[in-house]
Structures are given as structure tokens and as C-alpha cells.
1. Would you confirm whether any residue within the stretch 137-160 is part of a loop (DSSP other than H, G, I, E, B) and either modelled with pLDDT of 85 or more or surrounded by 14 or more Cβ atoms within 10 Å (Cβ to Cβ) (or both)?
2. Just checking, does the stretch 578-589 include any residue being within 22 Å of residue 671 (Cα to Cα), open to solvent by less than 40 Å² (accessible area, probe 1.4 Å) and either assigned to a loop (DSSP other than H, G, I, E, B) or of a type outside the set (Ser, Thr, Tyr) (or both)?
3. Any chance the stretch 367-385 includes a residue that's open to solvent by 20 Å² or more (accessible area, probe 1.4 Å), more than 20 Å from residue 307 (Cα to Cα) and of a type in the set (A, V, I, L, M)?
4. Are any residues in the stretch 220-235 more than 18 Å from residue 303 (Cβ to Cβ) and surrounded by 18 or more Cβ atoms within 10 Å (Cβ to Cβ), and if so, which ones?
5. Write out, first by first residue and then by second, each pair whose Cβ atoms fall under 7 Å of each other, whose residues are 6+ apart or on separate chains, and whose first residue, in the stretch 244-258, is over 17 Å from residue 114 (Cα atoms) and open to solvent by 20 Å² or more (accessible area, probe 1.4 Å) while the second is modelled with pLDDT of 80 or more and not polar (S, T, N, Q).
6. List pairs: first residue in the stretch 309-332 and at negative phi, second residue open to solvent by 50 Å² or more (accessible area, probe 1.4 Å) and of a type in the set (Phe, Trp, Tyr) anywhere in the structure, Cβ distance under 6 angstrom, at least six positions apart or on different chains.
7. Go through the stretch 309-318 and report how many residues are surrounded by 19 or more Cβ atoms within 10 Å (Cβ to Cβ) and not aromatic (Phe, Trp, Tyr).
8. Take the residues of the stretch 88-115 that are of a type in the set (Asp, Glu) and over 17 Å from residue 241 (Cα atoms): which is most open to solvent (accessible area, probe 1.4 Å)?
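The values are calculated or read from the model by the stated rules, or taken from the named source; none is laboratory data. Since this is a predicted model, take the numbers as computed values, not measurements. Cβ placement follows ideal geometry from the backbone for every residue including glycine, while neighbour counts extend to all protein chains displayed. All accessible areas refer to the heavy atoms of the entire protein, side chains included, with ligands and DNA or RNA removed. Shrake-Rupley method; radii C 1.70, N 1.55, O 1.52, S 1.80 Å.
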Amino acid sequence: MDWNSTPAEQAEPPMSRRSSLPLSSTIPASPNTVWVDATPLLQAACTDLLDGELIHGENFNLFAAMSALEIMDPKMDSGMICKYYSVDEAIEDGVGPVPISFDRTTDVQCTLDIMDHLLACEEEDLFTMAYGLPLDGDGDEKSLSLLNAVEENLCRQLRACKAQSSRRKQDMEPLQSDIDMEEGYCKALLCRLRFRKHFFHVLACMRRPQGKGLELARKHIASSISELECIRKSADFLISTASGGCSIGIEDRTTASGRKPIGFDASLNSRVSAPAPPRSIKMLSWNKAIEYFEKLLRDLDFICSYSLDPSLEVLLRFVTQFQSSRPDLVARSHLQVPYSLPSTETLLLVQEGRLYGRDPMFAVITRAAGLPETTKNHDIQRYESVMQLGQLVINMLKIVCTNTAWQRRKLGKSLQDWRVIYVQLELAFTNKFGEVLATSNDENGVARVVKQILIWLEEQAYWIAFRFLMLGFELELYSPSEFFMVYWYLYAVLVKLAEKTDSRMEITEITAAKRKGKKRKDSSKDVGRETRIPPAVRFLQCQIHLVEGLTLLQAALRNEMAALHSLTPFNSEQEIFLQHFELLQKACIPEQITYHSFKESTSYARFSNIATPNCFQQAQKLAKELRSSFSNDHDRLAELRRLEQVAEHNSVAMNVICQLGAVEPNSLKVSFEFIHHPCYATAVVRRA
């Protein structure tokens, strides 16, 4: 620390801040300054200062506080004592010797430890270029050829080990000095090398354009998982060879043997890395690292299993199912399209503005809207608002592949964009083709195309709103007292979503019938259309009945038993309503939905009027009926089973609450827990 000093103070011998360094400091004292030991001052400050307090001068401000030096933090205090200040200095001191050891057994053991520790480091931010250690200087091809050469050599070595001693080749030099251990070391090295090779091929195949390498990638994924299992099994052998046994606990060791790897020093980061706020970094253990890569490979296999269906609806359902397993960034990055994509990268969903690198976005939109295949070449695709809609779809695909919290935030903000595009499309085509749209004389099919695109656009906006609300449950953003408010809003969104989905599918059905020359003889068939509502719409209706029942049940509990009331002193119920649904309200999704309409519609709920009709029984009945419609869709069947369980248990709970609650309201204690479904709660009734 640099202090202004008096001449008397300058006469005292200077003391270096780093006690291990010689008295001649690297920063020489000026005629008016001298280096002194600030330790007593810091110790006195530590005993006197409270949490959050700072020592500062009169001119110290907020900006200076944000960029202040945190003494003794390795990421911010460049003057902190470090054992080594550069990679070269550490190597010169023997931290990373090459060769590792002249004893061949030690050399093999240390090599295995380094390979295991590097595997554990890959959960952490490992930027080799920042430390002067580029791994791709000679290109992938040369690295692969070296891997193959080493693998072939180890295979020969392993075959020689398995041969009888009399038949063993004399010219085959063992890896290390203990012949009895040779086979175990060869297997341990081989499985680690093969895992690296197969994992590299997985990533390389998945980057091939238009998903052409997905099938081959799955084969390499299976091989990678197999090699990981071999790596796990090698731990017993390596622990037995460790001198003195394994001294590190199983949850802390980063190597299979339990030994500390050579060539690693965390203190180097304090000198090489740029100054940054402190953060705690806990290295994954060796077992956790193996589990991490096993899950990563399963997630990548799920991606590779996708059939590249051109339907946007199927694609969004696939991504939603993929996200339910909580994949990490590496897996998600093979789906999502970053906002600034390097030209050398090829990802799965969108390549060069096309779905899977094949289908133009306008073709994707017309197919999603239920328009004929020939519509993909329609002239309206050249209008600016239509091109903006295509970019909006690309942005949506980017968003749904991000992590849950970021996804929810971005989906909510994007709703206004969908609303604006809807208004722009409607105005643009009304001004351009107003007369055509107002009459049935539509030779070019403009009115039909525009109408179906607008219906699909609204349907998509309500799907985004539905996804936005459901992600709030996954992120645990709603307190139990707010559930019925969210379910009430979710009910309104689902009703509109089912309405728009039904409209789109009905128009698609009529258009398809006209193309086949089938005309309806009379309108009487429309009356019976309810009996043949599309399964996708009935699936939404099942959820509508479920959330309606949850809303009424929780509203009745509030009205009759004064339960589930918010106890927060900081926000009123109206403020909480706006906080949760502000982004939906700004986009008018749905229209004319306000806090006052919420209060009015839920104020009449009583135990005497919510049991008939029983919404939960209706949801349960629909869930059972829909099984045959989704017999080949395992994900939908699983979801239907969950919905049926929630509906069945809540139906029983509602009957108990309505019977006893009217007579002995204080004898019941009701809570809502996510037992059968992550978003739809189950009522749990107990005696008070």
C-alpha cells in the first residue's frame, strides 16, 4: 500500500507487503512515499467494521465502490502472495515435468490421474487459449490420427498381456515395470482414449448439415457410454495400485485412484485471469464427472433420436419434452441458434434461415397454419410483415432452447412482438387486398391464406402465453396463496388457445375436403361436429376442466374458510396480479382480462355451488377417452395419466371439503402439493 509519509517515517526501514519477497520491492518508493506494513490497520478495521461497511476517503462514491479492490481475493488482488505467477514459472519449478517421471509405472499412473482430472475440469470454465495451451493448433485430423495410433499401440500391448508368458513377444516393451499390472493399466488407458475419440465423433457428427450425421452420432454415443462404464470399473484397480491407499474422500477426489494429479495449480488463475468479482468454484468429483457425461450423452441421444419432422407443432413439443430433463448448455447448444452464429458452426434446428437447413420459414408457417403445400410459393411471402413473421419464428426457436429462467423471461417479452406482427399483417393485407378480403371472390386465394395465417398467429401467441405461465410453476415463482390466481388466468388462456386451435383445424379440414372434391350436402353435419372434435383440442379441454376445478376449489376455500390468503405486507393482491401477468396484459392476451374481472368471477365460489358440475370428473373422463387417440404417442399418454391422477384425487378431495367444510369449516386443513404433476396441484386434506 502506498502511503504519504513524513521525513521521520522515511528513515524507518521499508517493509514489503509480500513478506516472502526481498526488501527491494518491485515497485520502488518515490522521494515522497515509502512501503509500510498495513496489516495492523487491516486487523483493526476487521474488528471494528460491521458487514457492508467500507474504509473510504471523503471523495469516495458509488462508482468507486463498484470498482474497488478487494484485498486478499485471488481474482481481484494482483498483489496477493502466489506460489507461481505464470505457467512458465510453474513448469520451471517442476510442477508440470515432461516426461512426468523417469519411472515408467509412476509415469502411467500420473498420466491416468491427469486424464481423470481434466474430465472433472470440463464442468467448469476451461479456456485453454487463455492459458497459452491451444489444443487445436494442428487441426482435428492430426489429433485423431495421433489418438488412433496410440489406441492401436495399446491394443497390441493388451493382446500381448493376455497371451501366455511363453508366447509373449519379446520385442513388445511393457508400459511399466510391473508385468502383473500391465493388463489393468492398458485397459484403463484404452477406455479413456476411446471415450475421448467417440465423444469427439459424437460432436463432429451432430454438426453435419441437415442432420445427416445423427444416426452415426447415436452409434458413437452408445460407444461413449460403454467406455464410461469401463472407466468407472477401472477405479477399483487404480485404487489398489495407489501407494498408501486412497487418502482423499470419495466426494472430493477428482481422480479414480484418489491421488492428487500433478500439473494443476489453481493459484495461477489469480495472475492469468482478468479481474472479476469473486465466486466460489467447487470442482466436480470424479464420480460426479462420470455421471455428468452420462447424462450429457443421454441428452444428446435424445436430440439425435428426433426424426426432423417438418411440423412446427411437433418440433415445439419435442423441444418442450427435451427441456423437461433439464439439459445443460452443451446439449442445448446443439439445438439452439445463437444470435451471433459463427459461419463455421452448423446447428440442428435452423441453418441459414431454414428449418433443418431445408425448409424456408414461410413454408414452415404455411404448413403450421394448415395451408396446402402449394401455398409455400405464394407471392405474399415477399411482403415485409410476412418476412418479419418468419424471423419471429426463428427467434422463438432460439428462446425455447435456452435455460428455463431465461426462456420464460424472453417468451413473456416476445408476446408483444407477436401482437405487433398480427396487427401489422392485418393492416397490410386489409389495405392491399381490402376488396378481395371483403368478398368471396378470391381467385388467388389471398383471403384464405391471410385468414389462416392470422388464426395460426393468434394460436401461437396463446401457446407462448401458456408456456410462460407453466414455466412459472417449474421455477417456483408462485406462492400457494397465488395458485388460484394463476390457474384462473391459465383457464382464460387455455380457452382461447383451444378456440384458435379448433378454428385452424376446422378450416384445414374444410380446405382438404374441397381439394378432394367432397362438398358437404347440408349444414346439419356441423351440428354433430362436437362429437368429432380433434384430439388435440380435446386434450386442451381436459386441462381446461382441470384448471377450472382448481380455480373454483381454491376460490371457495378463500371465500368460506379464509384460507390461502396472501400474508405479504409488501404487495397488495392487485399488485401481485400485475407482477405475474404484466407481460400478458401488455400484449392483450387475452383481451379484456383485468384484476377486477378476476375478483368478480371468483367472488361467487362457494362449497354449495362448485361440486356441480364436477370439473375434475369431466377432466378425468376426457383423459380416459383420449388414451386411444394417443396410443402411439408415449409422451402424451404419460401426460394424460398424470392429468387423470390429479383429477381423480382432486375430485375426492373436493367432495370431502364440500361435505365437511360446510358443517365444520375449522376442522379441515387443506394444502396444495405437486404430487402427480409438476404444474397442476393436488389438494391434500387433513384434520386440523
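1. First, pick out the residues of the stretch 137-160 that are part of a loop (DSSP other than H, G, I, E, B): 137-138.
After this cut, where a residue has to be either modelled with pLDDT of 85 or more or surrounded by 14 or more Cβ atoms within 10 Å (Cβ to Cβ) (or both) as well, the list is none.
No, the stretch 137-160 has no match at all.
2. Restricting attention to the stretch 578-589, the residues satisfying the condition of being within 22 Å of residue 671 (Cα to Cα) are 580.
Going one step further and asking which of them are open to solvent by less than 40 Å² (accessible area, probe 1.4 Å), we end up with 580.
After this cut, where a residue has to be either assigned to a loop (DSSP other than H, G, I, E, B) or of a type outside the set (Ser, Thr, Tyr) (or both) as well, the list is 580.
Yes, because at least one residue in the stretch 578-589 is within 22 Å of residue 671 (Cα to Cα), open to solvent by less than 40 Å² (accessible area, probe 1.4 Å) and either assigned to a loop (DSSP other than H, G, I, E, B) or of a type outside the set (Ser, Thr, Tyr) (or both).
3. No; the residues of the stretch 367-385 include none that is open to solvent by 20 Å² or more (accessible area, probe 1.4 Å), more than 20 Å from residue 307 (Cα to Cα) and of a type in the set (A, V, I, L, M).
4. The first filter runs over the stretch 220-235 and keeps only residues more than 18 Å from residue 303 (Cβ to Cβ), leaving 226-235.
Passing the criteria: 227, 228, 231, 234, 235.
5. What qualifies is 247/258.
6. 322/302
7. Narrowing the stretch 309-318 to residues surrounded by 19 or more Cβ atoms within 10 Å (Cβ to Cβ): 312, 315, 318.
Now drop any that are not not aromatic (Phe, Trp, Tyr), which leaves 312, 315.
Total satisfying the criteria: 2.
8. To start, the set of residues in the stretch 88-115 that are of a type in the set (Asp, Glu) comprises 88-89, 92-93, 103, 107, 113.
Keeping just the survivors that are over 17 Å from residue 241 (Cα atoms) gives 88-89, 92-93.
Working: 88: 104, 89: 72, 92: 158, 93: 98 Å².
Only one residue fits best here, namely 92.
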